[in-house]
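Below: one structure, written as structure tokens.
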Amino acid sequence: MRITVKRRAEVALRSLSQREQGQLSRAINELTATSQEDFYHHAKLRKLISANGENLYTFRGNQSLRMVLSATDDSCTIEDILDHDRLKQLLPGRGKQLLPSRDKHLLPSSERQ
């Protein structure tokens, strides 16, 4: 998959420690190696419920950092990099907006709404 990094995300990436930069670099490489068909089913990907209908996702970079992504059919844009706790603060309902990106028919019946 083709990856584009927005300036805001570049600035956030440069402000991280070398260790965190390395972890995020591996996560970006993992995204790049992911096929278009497998992208939406990746275990580290969660869809954000967006008020304006934009398709936004989070991708786990490490235990505490998340990349906020927007995606189209053949490309992915890293919009920002946030600490997981900060992301939870920004979302109303504290994490209820983080949904697995899998289709409903793939979820166990106990998780379907």
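The values are calculated or read from the model by the stated rules, or taken from the named source; none is laboratory data. Bear in mind the structure is a predicted one, so any value in this text is a computation, not a measurement. Reconstructed Cβ throughout: ideal geometry from the backbone, glycine too, with neighbour counts over all protein chains shown.
Consider region 1-58 and keep the residues that are assigned to a helix (DSSP H, G or I) and small (Gly, Ala, Ser). The one that is farthest from residue 69 (Cα to Cα) is 22. Within region 19-36, not a single residue is in contact with a Ser or Thr (Cβ under 7 Å, 6 or more places away or on another chain) and touching a residue at least 24 places away in the same chain (Cβ under 8 Å).
The numbered conditions (1) surrounded by 19 or more Cβ atoms within 10 Å (Cβ to Cβ); (2) under 20 Å from residue 91 (Cβ atoms) are all true for residue 54 except (1).
With respect to (1) modelled with pLDDT of 95 or more; (2) within 18 Å of residue 72 (Cα to Cα), the lone exception for residue 22 is condition (2). Test residue 84 against the criterion of being within 17 Å of residue 13 (Cα to Cα) and at pLDDT below 90, and give yes or no. Here the answer is yes, as residue 84 does meet what is asked. With respect to (1) at pLDDT 90 or above; (2) surrounded by 13 or more Cβ atoms within 10 Å (Cβ to Cβ); (3) not β-branched (Val, Ile, Thr), the lone exception for residue 48 is condition (1).
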